[in-house]
Amino acid sequence: MKKILIAGNWKMNKTFVEAGELAEKMKGRLGDITQIDIVICPAFPALSAVYEKIGDTHIRLGAQDVFWEEEGAYTGEVSALMLRESGCKYVIIGHSERRIHSGETDEMVNKKVKKAIEWNLTPIMCVGEKLEERERNKTENVVRRQLEGGLEGLSSENLLKIVIAYEPVWAIGTGKTATPHQANEVHKFIRQLLTNISSEKISQQMRILYGGSVKPDNISALIEEEDIDGALVGGASLVDESFIGIVERCIK
Ligand code: PEP
């Protein structure tokens, strides 16, 4: 039985001090929860502040990116080992904001996913179409390209170490959520692609999260869908009450 996973992506929000304060509040209400997996992903400079608060709880720490090389002259990049030593267990890879603003390609995503696995970090690999791609009926083409490109060369054993997040770009930070049915259609398609790449046994064990304006009042309907195994939450993860509300609805 797959455990639901709720991951909060704080993006470029919360300073070191603010992140510590928010983590403290989350620790108080969520720290003992074991029925679902909870991950929070602050910006790099706040990782240690958050880890200091949640390190001895069931909440896991995640980063928002990783580089594919281990060390060297890569100004501004952060290695998998650095993340491990900061307490991370998860890392978001290929978020649409990185694909759009930093020119991240499927090949780069693939290298990052492989490096994360090598260092025992669970990649949360994001895929999702833009509005104009959905309107041109290209959703499946785009998702297929991103998924197959990002997972290229991975063994079935390694696929089991990955979480996929389907995040339609038009639903991120816009307040527009895909309907549970719309989201589940794409999740079903992703699971079929994962079956084609590996086997049904493997794809059924993999978690596929939905992301895009998830809030306490829409999470229940989303996770009721057969192929939605949790959520990657942006805006609503920045406020303790809304993130806690999402987690509490998943437990119910
Ligand atoms: C995200 O950035 O991964 C995300 C889903 O953002 P939001 O929940 O704000 O749409």
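The values are calculated or read from the model by the stated rules, or taken from the named source; none is laboratory data. Because the structure is a prediction, the values reported are computed rather than measured. Note: ideal-geometry Cβ built from the backbone for every residue, glycine included; neighbour counts use all protein chains shown. Accessible surface areas use protein heavy atoms only, side chains included; no ligands, DNA or RNA. Shrake-Rupley method; radii C 1.70, N 1.55, O 1.52, S 1.80 Å.
If you bin every alpha carbon distance in the chain into 10 Å steps from zero, what whole percent lands in each bin?
Percent of pairs per bin, in order: 8, 34, 39, 18, 1.
Between LYS161 and GLU135, take the C-beta separation as r, use R0 = 45 Å, and let me know the FRET efficiency to the nearest 0.05.
Here the calculated transfer efficiency is 0.80.
If you take the Cα atoms of the stretch 98-162, find Rg, then find the Kirkwood Rh from the mean of 1/r over all pairs, what is Rg/Rh? Present the calculation step by step, with values, prior to reporting the outcome.
Numbers: Rg = 12.7 Å, Rh = 12.5 Å.
In the stretch 98-162, Rg relative to Rh is 1.01.
Could you report the chain's accessible area per residue, 1.4 Å probe, as an integer in Å²?
Result: 46 Å² of accessible area for each residue.
Beyond 27 Å between alpha-carbons counts as too far, so tell me which of LYS3/LYS188; LYS11/LYS53; LYS53/LYS215; LYS14/LYS138 fall in that bin.
Values: LYS3/LYS188 18 Å; LYS11/LYS53 19 Å; LYS53/LYS215 24 Å; LYS14/LYS138 36 Å.
LYS14/LYS138, as the Cα separations exceed 27 Å there.
Express in Å², to the nearest 10, the accessible area of GLU241 obtained by rolling a 1.4 Å probe over the protein heavy atoms while all chains stay in place.
Estimated to the nearest 10 Å², GLU241 gives 100 Å².
If r is the Cβ-Cβ distance from ASN196 to LYS176 and R0 is 51 Å, what FRET efficiency results, to the nearest 0.05?
Numbers: r = 30 Å, r/R0 = 0.59.
The calculated FRET efficiency here is 0.95.
Efficiency by 1/(1 + (r/R0)^6): what FRET value for GLU152 and ILE100, r their Cβ-Cβ distance, R0 = 22 Å, to the nearest 0.05? Could you put the intermediate results ahead of the total?
Working: r = 21 Å, r/R0 = 0.97.
Taking R0 as 22 Å, the efficiency between GLU152 and ILE100 is 0.55.
Among bridges DSSP assigns within the chain, what percent are antiparallel (round to 5)?
Antiparallel bridges make up about 0 percent of those DSSP assigns within the chain.
Ordering SER203, SER86 by accessible area with a probe of 1.4 Å, largest first, what comes out?
Working: SER203 0, SER86 35 Å².
Highest to lowest solvent-accessible surface, that is SER86, SER203.
Taking the full set of protein chains and a 1.4 angstrom probe, give the accessible area of ARG191 in square angstrom, rounded to the nearest 10.
10
For THR174, enumerate residues with amide H under 5 Å from its amide H, sequence gap 5+ or separate chain, H modeled in the peptide plane.
Under 5 Å from the amide H of THR174 lie the amide H atoms of SER213, each far enough along the sequence or on another chain.
Find the centroid of the Cα atoms in the stretch 56-92 and in the stretch 116-188, then give the distance between the two in whole Å.
Measuring centre to centre over Cα atoms gives 21 Å.
Using a 1.4 angstrom probe on the protein heavy atoms only, could you order HIS181, HIS58, HIS95, HIS101 from most to least accessible area? Present the calculation step by step, with values, prior to reporting the outcome.
Values: HIS181 115, HIS58 90, HIS95 10, HIS101 150 Å².
So the residues, ranked largest to smallest area, are HIS101, HIS181, HIS58, HIS95.
If I compute solvent accessible area with a 1.4 Å probe over the protein chains, what percent of it on the chain is carbon and sulfur? Spell out each step's value before the answer.
Numbers: 5540 of 11630 Å².
Solvent-exposed carbon and sulfur of the chain make up 48 percent of the total.
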